[in-house]
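Each remark here refers to the structure printed beneath this line.
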Amino acid sequence: MIKVLREQPKHWLTLEICESLFNTFCKDLSFNEPIPLFQTRFSGKLEGTLYSVSQTFEGKHLKPTILDAASAYFFYFIKGHPFQNGNKRMGTLFTHYFLLSHGLTFSLSNEELFALAVGVALNEKDSITENEVKDIISSNIKKL
């Protein structure tokens with residue numbers, strides 16, 4: 001595992017960052033399925049995910065490492081379904097940005113990232129778990 005994955009995040013995703021990324025990239029990520037405007041997202045779901053990943057208890061982060069946070073972001077953006085459409089695409093984009101802000105990137109191909117996102121989105125009994133996402137991300141990250 002890359003040592004930096006065990007470090008505490010220096011940056012967290014914010015609503016402003018997510019909105020900027022969304023507005024910058026949603027047209028490029030629309031393909032044959034348009035993504036509705038950012039303002040039409042389900043109220044409070046995106047904010048809840050952002051808060052839950054950076055949440056602290058008694059001064060300590062509940063997701064204390066970059067790996068913990070990246071895995072949680074990816075999993076909860078997809079499972080939490082904050083958008084009417086495009087949750088897998090946006091979850092992948094937001095998580096990738098988070099990793100890039102820490103000097104890391106996925107070593108997975110676009111097809112492998114898509115398969116991971118689809119695996120998370122499946123119904124409960126068939127889906128990839130948060131711990132499995134963490135293992136997959138841990139072994140498929142590289143430094144920039």
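Some observations on this one:
- Among the residues of the range 11-38, those that are modelled with pLDDT of 95 or more and polar (S, T, N, Q) comprise Thr14, Ser20, Asn23, Thr24.
- Meets criteria (exposed (fewer than 13 other Cβ atoms within 10 Å of the Cβ), of a type in the set (Phe, Trp, Tyr) and in contact with a helix residue (DSSP H, G or I) (Cβ under 9 Å, 6 or more places away or on another chain)) for Phe31: yes
- With respect to the conditions (1) farther than 26 Å from Pro36 by Cα; (2) outside any loop (DSSP other than H, G, I, E, B), His102 falls short on a single one, namely (2).
- Qualifying residue in the range 75-87 (condition: touching a Gly at 6+ places or on another chain (Cβ under 6 Å) and either in a loop (DSSP other than H, G, I, E, B) or free of Cβ contacts under 8 Å to residues at least 12 places away in the same chain (or both)): no
- Hey, Gln8 surrounded by fewer than 21 Cβ atoms within 10 Å (Cβ to Cβ), of a type outside the set (Gly, Ala, Ser), modelled with pLDDT of 95 or more and within 20 Å of Gly103 (Cα to Cα) or not: yes
- Number of residues in the range 11-28 that are surrounded by 12 or more Cβ atoms within 10 Å (Cβ to Cβ), farther than 17 Å from Lys88 by Cβ and of a type outside the set (D, E, K, R) equals 6.
- Selection count where residues are surrounded by fewer than 23 Cβ atoms within 10 Å (Cβ to Cβ) and within 20 Å of Asn131 (Cα to Cα), scope the range 57-75: 7
- Some residue of the range 113-130 being of a type in the set (Phe, Trp, Tyr), surrounded by 12 or more Cβ atoms within 10 Å (Cβ to Cβ) and touching a Phe, Trp or Tyr at 6+ places or on another chain (Cβ under 7 Å): no
- Unique residue being assigned to a helix (DSSP H, G or I), in contact (Cβ under 8 Å) with a residue 60 or more places away in the chain and under 27 Å from Arg6 (Cβ atoms) when the list is Leu67, Leu50: Leu67
- Candidates Ser30, Ser54, filtered to the one that is small (Gly, Ala, Ser) and either under 15 Å from Pro82 (Cβ atoms) or in contact with a strand residue (DSSP E or B) (Cβ under 9 Å, 6 or more places away or on another chain) (or both): Ser54
- Pairs with Cβ under 9 Å, 6+ apart, first in the range 112-131 and over 15 Å from Asn87 (Cβ atoms), second assigned to a loop (DSSP other than H, G, I, E, B): Glu112/Asn140; Ala115/Leu108
The values are calculated or read from the model by the stated rules, or taken from the named source; none is laboratory data. The structure displayed is predicted, hence computed values, not measured ones. Here Cβ is always computed from backbone atoms with ideal geometry, including for glycine, and neighbour counts include all displayed protein chains.
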